[in-house]
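Heads up: the structure comes next, in structure tokens.
The values are calculated or read from the model by the stated rules, or taken from the named source; none is laboratory data. On a predicted model such as this, the values are computed, not experimentally measured, just so you know. As a convention, Cβ positions derive from the backbone with ideal geometry for all residues, glycine included, and neighbour counts pool all protein chains shown. These accessible areas exclude ligands, DNA and RNA; they are computed on the full protein's heavy atoms, side chains included. Shrake-Rupley method; radii C 1.70, N 1.55, O 1.52, S 1.80 Å.
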Amino acid sequence: MISKSVPARSRTRSFATGVDYITEHAHERACVQAGRSFGDGIGYASAPKKAAWVQLRGVTSVETAALEMEAVAVLSRRCKDPVYHLIVAYAKGERPTREQVVSDAERLLKAIGMERSQYVLAAHQDTDNYHAHVIANRIGPDGKANDLWHERIKRERTCAEIAAERGWEIVVGHHNRDIVQRACHLYAPPADPERRMSDGAYRQLRERGELPWCESARPYVLDAVDRAKDWNEVHERLAAHGVVAKLVQRGERLRGLAFAEGFERGAPGCAASRIDARCALPTLERRFGPFTTSHELANATIVATQWAQSARTTILTAVDSARSWDDLTQRLDRDGIVVKLIARGARVQGLAFAQGRDPGAPGCGASRIHPRCKKAALEQRFGPCPFTPEQPPKRGRSEVRDRAEREAHTDPRWALRDAQRIVDHARMRSEYTAYRDGFFAERHRATTERRQAAWERESMQRRCEAQRRREARLLLRAVARLATRGAVARQLAYWSIEAVINRRRAREYDAGRVRWEATKIVLSSERKLTREEKPMDYRWYVAKQARAGDLGAQRILAAREAPARNRHEQIAEAASQPVTLDKVRQRLHVIRAEEEARYERARMQRQHLTRIDRPPTIEQALASARKEIRARVSEATQFTPAERAQLARLTKEQQSWNPFVRNAAKKEAQKLHAEQRARYEAELTKATRDFESGDAQRIEQRIRGDERTYRDYVSASLGLEARMRQARAALRDEIPMLETRLKVLERAGVAQLDCDGPAWDARLDQLAAAVDRGHRTVPDVLRRDVEFAIRKEQRGLSRTRSISMDR
């Protein structure tokens, strides 16, 4: 679609009879003459041999249009060329309706500022391209002339917008390339939004090469928030990555939600809104209800809040009655309350009230009591604050020296061990961060590649469909040129071909849109499945590296297990009883028999469980039922035998050489198909309404019952499997290890062990703790010699057994 304005060749305002003149001369000369006066333009535009129809605005008729426009043009004395001649032309494949042509012309006139001007519009079909002429009056009803400022640029952009809206080919110009680009990328997948870094995060990235905490934590925090069902699940999923969710408060005002790597004040973290808008506190509370934390507020916060409520009246009375800083101090001293100046480093934070000078005494900030108790408000009344800031006590050198002397007696290498521990933790944390970043980067890359591959396939299919349409159009037009005689028949054939191609294009566009929406749904489900794959947490990663032979990871695991061993030792020392090795062996035999019976009992119960297949979801069941309804309704509303016979006859008539017979047969066939479609829609609507009101509820109740039964079956099966796994671990690993250690203790000369409680009722973990304590009391050299001798005997027995089997 294009537009063109024909400039006036003469600066005269005289009118001539244009109708006879235009019809007697050639098209090019008439087109030039049309822009000279209202009469010539209207005569040319409304010539009976050219015009298919005429549209008027602001004039009474075609005959009086020139006079009426001239009467309005007289209102302006300065405008010498009141005639504006506009041509709106369409491509060969574009067949707009009358309403569309009128709308396009009025839209172009409005774009150049002539929305109220008079015009005469005539649609011409005397050429291969469908076009329309508009003779408009530049003088408006108010007597002001339109200056046509940048009218070519405005027409070019308006034509491009109209073509883009209707799916037509856009004629690229110098001023509409942005519209062409938007139309070309209409179906392109949207790009991922980018978040702007804060100034501090940008400096941290540029100076130290460290990403902000919100950038590294965003993937797994969003995964936890999206998959969680309530606040408890949010806390559980975040705890797997060492992250907690906590409320941020300033005084008595709640600021919002934050994520951090601990409840400490200096723990790395960020506000929830920095992660994503759907992590904000109001958004999450709309999903999960009021915020509930898995950890109670710190005792200091609770004590400070309670103390502030109890002391508020006393402090406010003293502040209102005091006349100076000394008077305020004396009044508060009567109740044991002191005023402190709090500072952090060299920066003064403000005033605080406390119940004594002790650093651990209960107290709170002055702003928590009341705004008029703040430092700035009191300095306006009493002058500069005379108090000196209280700094936290620094760690004395004597404490470090005492610790060095104490550790040096027990372990001379304690300083090197602490330094090695710090290095191991730093290196392991760095490696874990790299592993986690690589995991999420690989997952994002795989998702992006799948989406790009799907879009490339869709684009290729759309290009192939467009190529096939062009080839079909050219072939049909060639056949029409050879098979038809006469210009009228050929033009009718061309119109029929364009109509068929346009309908085919519309169907393929709709199919492509539905196909791409279905592809996006599949990609979304695949992305959800991919997000279920979570990286290992830090403990599992350290354990994996330790199994791979990393000495630093092994030292970290040993340090983590040391406090647990110390607790077991303290409990054992608190209540322990001596027991002989024979009694321990007897108890191990009993425990072995119990574990075997437990394993066999769980295995038999699991074997006799009635297997239940996973039921379909409610959505799947309802979709299957609706599909059956559609199939049943479609079968019931098919064409009758009489209609099929009529369709067969119409199909033969559509192959006739007579275009009028073909068009009549085609309209009859479309009418039959429309009637069948209407019957189908009516029956489907009725069947769907009956289904939704009756059978849908019963299906939902049945599926919910099946899901409860399936959950009970899965819970029972998993419980029995866990019992079997625990019994198997005790029989294969724990009991054989304890028996081997008992042999070592017996050959090392140990006769008794300290067991928690009586040996006849001891559990396996109690026996393991007792044997472990006795095993550590044996000197290392003696223990290694005994273990080597036992392994040597076992190798000899296995060699003897293999020789006897060979014989």
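So how many residues does region 315-341 have that are surrounded by 14 or more Cβ atoms within 10 Å (Cβ to Cβ), modelled with pLDDT of 85 or more and under 55 Å from the mean Cα position of the chain (by Cα)?
Start the filter on region 315-341 by keeping residues that are surrounded by 14 or more Cβ atoms within 10 Å (Cβ to Cβ), which leaves 315-316, 318-319, 322, 325, 328-329, 331-332, 337-341.
Retained after the next criterion (residues that are modelled with pLDDT of 85 or more): 315-316, 318-319, 322, 325, 328-329, 331-332, 337-339.
Those still in the list that are under 55 Å from the mean Cα position of the chain (by Cα) too: 315-316, 319, 337-339.
Within region 315-341, residues that are surrounded by 14 or more Cβ atoms within 10 Å (Cβ to Cβ), modelled with pLDDT of 85 or more and under 55 Å from the mean Cα position of the chain (by Cα) number 6.
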List the residue pairs whose Cβ atoms are under 6 Å apart, where the first residue sits in region 548-566 and is open to solvent by less than 50 Å² (accessible area, probe 1.4 Å), the second is modelled with pLDDT under 70, and the two are 6 or more positions apart or on different chains. none
How about region 157-180: which of its residues are acidic (D, E) and in contact (Cβ under 8 Å) with a residue 60 or more places away in the chain? E169
It is to be established whether one or more residues within region 148-166 are surrounded by fewer than 18 Cβ atoms within 10 Å (Cβ to Cβ) and closer than 23 Å to G58 by Cβ. yes
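Restricting to region 130-147, count the residues that are farther than 29 Å from E498 by Cβ and in a loop (DSSP other than H, G, I, E, B). Let's see the steps before the verdict.
Initial filter on region 130-147 (farther than 29 Å from E498 by Cβ): 136-147.
Narrowing further to those that are in a loop (DSSP other than H, G, I, E, B): 138, 140-144, 146-147.
Result for region 130-147: 8.
Working carefully through the options A696, A716, find the one that is closer than 30 Å to E596 by Cβ, in contact (Cβ under 8 Å) with a residue 60 or more places away in the chain and among the small types (G, A, S).
Working: A696 fails: closer than 30 Å to E596 by Cβ.
The unique qualifying residue is A716.
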Name the single residue that is farthest from L492 (Cα to Cα) among those in region 627-643 being free of Cβ contacts under 8 Å to residues at least 12 places away in the same chain, part of a helix (DSSP H, G or I) and not charged (D, E, K, R). A631
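Picking from L720, L731, L684, L738, which residue would you name as being in contact with a Phe, Trp or Tyr (Cβ under 8 Å, 6 or more places away or on another chain), at pLDDT below 90 and not acidic (D, E)? Before you say what the answer is, go through the steps one by one.
Values: L720 fails: in contact with a Phe, Trp or Tyr (Cβ under 8 Å, 6 or more places away or on another chain); L684 fails: in contact with a Phe, Trp or Tyr (Cβ under 8 Å, 6 or more places away or on another chain); L738 fails: in contact with a Phe, Trp or Tyr (Cβ under 8 Å, 6 or more places away or on another chain).
Going through L720, L731, L684, L738 in turn, the sole match is L731.
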Checked region 471-499 for anything exposed (fewer than 12 other Cβ atoms within 10 Å of the Cβ) and basic (K, R); matches are R481, R485
Looking for something among the hydroxyl-bearing types (S, T, Y), under 30 Å from A730 (Cα atoms) and touching a residue at least 60 places away in the same chain (Cβ under 8 Å) - is there at least one such residue anywhere in region 601-617? yes
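Taking the residues in region 114-130 that are of a type outside the set (G, A, S) and open to solvent by less than 10 Å² (accessible area, probe 1.4 Å) as candidates, determine which candidate is farthest from E63 (Cα to Cα).
Among them, the one singled out is M114.
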Somewhere in region 66-81, is a residue of a type outside the set (S, T, Y), in a helix (DSSP H, G or I), modelled with pLDDT of 80 or more and open to solvent by 60 Å² or more (accessible area, probe 1.4 Å)? yes
Specify the residue that is least open to solvent (accessible area, probe 1.4 Å); the eligible residues are those in region 721-773 that are within 18 Å of R783 (Cα to Cα) and not in a helix (DSSP H, G or I). L753
Within the bounds of region 360-373, is there any residue that is open to solvent by 60 Å² or more (accessible area, probe 1.4 Å), in a loop (DSSP other than H, G, I, E, B) and either modelled with pLDDT of 80 or more or not basic (K, R) (or both)? yes
Has region 435-445 got any residue that is part of a helix (DSSP H, G or I), charged (D, E, K, R) and more than 36 Å from the chain's Cα centre (by Cα)? no
Counting only residues that are surrounded by 13 or more Cβ atoms within 10 Å (Cβ to Cβ), farther than 30 Å from E707 by Cβ and of a type in the set (D, E, K, R), how many does region 582-641 have? 8
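Which one of A404, A419 is modelled with pLDDT under 80, surrounded by fewer than 15 Cβ atoms within 10 Å (Cβ to Cβ), within 48 Å of the chain's Cα centre (by Cα) and assigned to a helix (DSSP H, G or I)? Steps first, answer last, please.
Details: A404 fails: within 48 Å of the chain's Cα centre (by Cα).
Exactly one of A404, A419 is modelled with pLDDT under 80, surrounded by fewer than 15 Cβ atoms within 10 Å (Cβ to Cβ), within 48 Å of the chain's Cα centre (by Cα) and assigned to a helix (DSSP H, G or I), namely A419.
Given the residues A593, A621, A625, A642, which is the only one that is over 30 Å from D772 (Cα atoms) and over 46 Å from the mean Cα position of the chain (by Cα)?
On the way: A593 fails: over 30 Å from D772 (Cα atoms); A621 fails: over 46 Å from the mean Cα position of the chain (by Cα); A625 fails: over 46 Å from the mean Cα position of the chain (by Cα).
Sole residue among the options that is over 30 Å from D772 (Cα atoms) and over 46 Å from the mean Cα position of the chain (by Cα): A642.
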Residue under evaluation E379, criteria (1) over 27 Å from R253 (Cα atoms); (2) open to solvent by 30 Å² or more (accessible area, probe 1.4 Å); (3) modelled with pLDDT of 85 or more, criterion not met: (1)
Provide a single number: the residues in region 644-698 that are under 26 Å from V500 (Cα atoms) and part of a helix (DSSP H, G or I). 33
Counted residues, region 775-784 - those being open to solvent by less than 90 Å² (accessible area, probe 1.4 Å), of a type outside the set (A, V, I, L, M) and over 57 Å from the mean Cα position of the chain (by Cα): 3
Does L148 satisfy being among the aliphatic types (A, V, I, L, M) and on the phi > 0 side of the Ramachandran plot? yes
